[in-house]
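K.L.:
First the structure, then my questions, so here it is.
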Amino acid sequence: MDIPADTAPAFDLVTYFFDKASRQLNLSDDIHELLRRPWRELTVSVPVRMDSGKVHSFTGFRVQYNAARGPYKGGVRYHPNADMDEVRALAALMTWKTAVVDIPYGGAKGGVQCVPGEMSVGERNRMTRRYTTSIAHLLGPNRDVPAPDLGTDSQTMAWMMDAYGSLYGHTPACVTGKPIELGGSVGRAEAPGRGAVYVLEEVLRHAERPPKGTTIAVQGFGQVGSWIARTAADLGMTVVAVSDVRGGVYNPRGLDVAALVRHNAEAGTVAGFAGAEKVSSAEILELGCDVLAPAAVEKVLHEKNADRVRAKIVLEGANHPVTPRADAIMAERGVTCVPDILCNAGGVIVSYFEWAQNIQAFRWDESRVNSELRRTILGGYATVQARAAGEGVTLRDAAFDVAVERVAKAVQLRGFV
Ligand code: GLU
């Protein structure tokens, strides 16, 4: 099978790993075709009256990739690169993600092409409401349940819930990642980072390495990266570098993560943090450290820099941060990639707990959320690790094998083909 070039459409890059799994599992042509394309795609125009008085029409998408295992589930991204190709790729990844950690959902993704940082709160509120009402007929607790992603947050989910509720009545389970005051779950914000570090602890245990003193560099200090850094530091790991879109900081002896969080809250960036050297977001990927966590955007490890990664473990906090060519280069060099669909599944796992709490009109405390998160994500890791060891394949190939097999089984049982 030819490995697609890094410049291929995002959907082709993601689908390469699906095709590989499909071949490994010997899927029938009928099932292969059914799983290889999205089940439904919607493009909407989102006109918003901007503060200037002018109307700007944004383009929004919702791709519902597959719902064989349960309602469609996945975030909504506000980003200039959130075009149909990117959203489709992310919707496919959500399908494999929910399957690999065995939570009862399919996969979807949404997006609006915009630059949220350049919009006022009012503009983002109006855009979110308009986008939600345009796709509302596809949504619902048993149909499709959005959540935050890049450029969106709990406030965005509050607006979505409100817009959906004005059409269909108050329905907290229609979105997850809401503010706690509106039915969000405790521990949801921390979950993607926490889940990734729970998996890292297990990977280190298999490698017979203690977490204490393990060095880690984190690219991205947002909803995923900041919690990877904080959780890793809490476990005694040494966070040597972090970066965000405005710059990065490096200290080989370790950064004071609590102080860095305070600096970031005040300055709006990690850049300029005292007691550390300046480092660029690209340089972070090549630093000498034990673990590298790309936790920002897609395709940061590619054909041109994969051979310069010095970390032995790559913890994929972001969605598809590693291209297929980079994946092959790193596998050859013995770098262990903890694949995105497993590594960052903590977010959607606690989304599942939030949805379940909303449906039951009941609340869990944080220790219950965290212990169920640990049990669920480590259950996924144990299955993937055993498969990788048994078949002599990488964690990514094993994760896709497990996920695709589960979705194929669900399709078969439903009697589609
Ligand atoms: N946007 C997150 C992801 O990519 C969370 C999705 C969810 O909670 O539904 O996994």
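The rows are residues; the columns are (1) over 19 Å from the mean Cα position of the chain (by Cα); (2) of a type outside the set (Val, Ile, Thr); (3) farther than 13 Å from ALA158 by Cβ.
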| position | (1), (2), (3) |
| --- | --- |
| GLY193 | no, yes, yes |
| ALA196 | no, yes, yes |
| VAL199 | no, no, yes |
| LYS212 | yes, yes, yes |
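K.L.:
Out of the stretch 1-32, which residues are open to solvent by 80 Å² or more (accessible area, probe 1.4 Å) and either among the aromatic types (Phe, Trp, Tyr) or over 22 Å from ASN319 (Cβ atoms) (or both)? Please lay out each step first, then the result.
P.N.:
First pass over the stretch 1-32, keeping only residues open to solvent by 80 Å² or more (accessible area, probe 1.4 Å): 1-2, 7, 23-24, 26, 29-30.
Matches in the stretch 1-32: MET1, ASP2, ARG23, GLN24, ASN26, ASP29, ASP30.
K.L.:
Look at the stretch 89-113 and say how many of its residues are assigned to a loop (DSSP other than H, G, I, E, B), buried (at least 24 other Cβ atoms within 10 Å of the Cβ) and of a type outside the set (Val, Ile, Thr).
P.N.:
2
K.L.:
Something else: Regarding PRO116, is this residue closer than 30 Å to VAL407 by Cα and open to solvent by 10 Å² or more (accessible area, probe 1.4 Å)?
P.N.:
Against the criterion (closer than 30 Å to VAL407 by Cα and open to solvent by 10 Å² or more (accessible area, probe 1.4 Å)), PRO116 does not qualify.
K.L.:
Filter the stretch 119-155 for residues that are under 18 Å from the mean Cα position of the chain (by Cα) and open to solvent by less than 30 Å² (accessible area, probe 1.4 Å) and give the result. Full working, then the answer.
P.N.:
At the first step, the residues of the stretch 119-155 found to be under 18 Å from the mean Cα position of the chain (by Cα) are 144-154.
Within the stretch 119-155, ASP144, VAL145, PRO146, ALA147, PRO148, ASP149, THR152 meet the criteria.
K.L.:
If you scan the stretch 341-377, which residues turn out to be surrounded by fewer than 21 Cβ atoms within 10 Å (Cβ to Cβ), outside any helix (DSSP H, G or I) and among the aliphatic types (A, V, I, L, M)?
P.N.:
Correct list: ALA361 only.
K.L.:
In the stretch 185-224, what count of residues is obtained for those that are touching a residue at least 40 places away in the same chain (Cβ under 8 Å), open to solvent by 30 Å² or more (accessible area, probe 1.4 Å) and assigned to a helix (DSSP H, G or I)?
P.N.:
Looking only at that region, the number is 3.
K.L.:
Report yes if THR176 is among the β-branched types (Val, Ile, Thr), assigned to a loop (DSSP other than H, G, I, E, B) and either modelled with pLDDT under 95 or within 15 Å of the ligand (Cβ to nearest atom) (or both), otherwise no.
P.N.:
Yes, satisfied.
The values are calculated or read from the model by the stated rules, or taken from the named source; none is laboratory data. Because the structure is a prediction, the values reported are computed rather than measured. Note that each Cβ is placed from the backbone with ideal geometry, even for glycine, and that neighbours are counted across all protein chains shown. We work out accessible area using only protein heavy atoms, side chains counted, and drop any ligands, DNA or RNA first. Shrake-Rupley method; radii C 1.70, N 1.55, O 1.52, S 1.80 Å.
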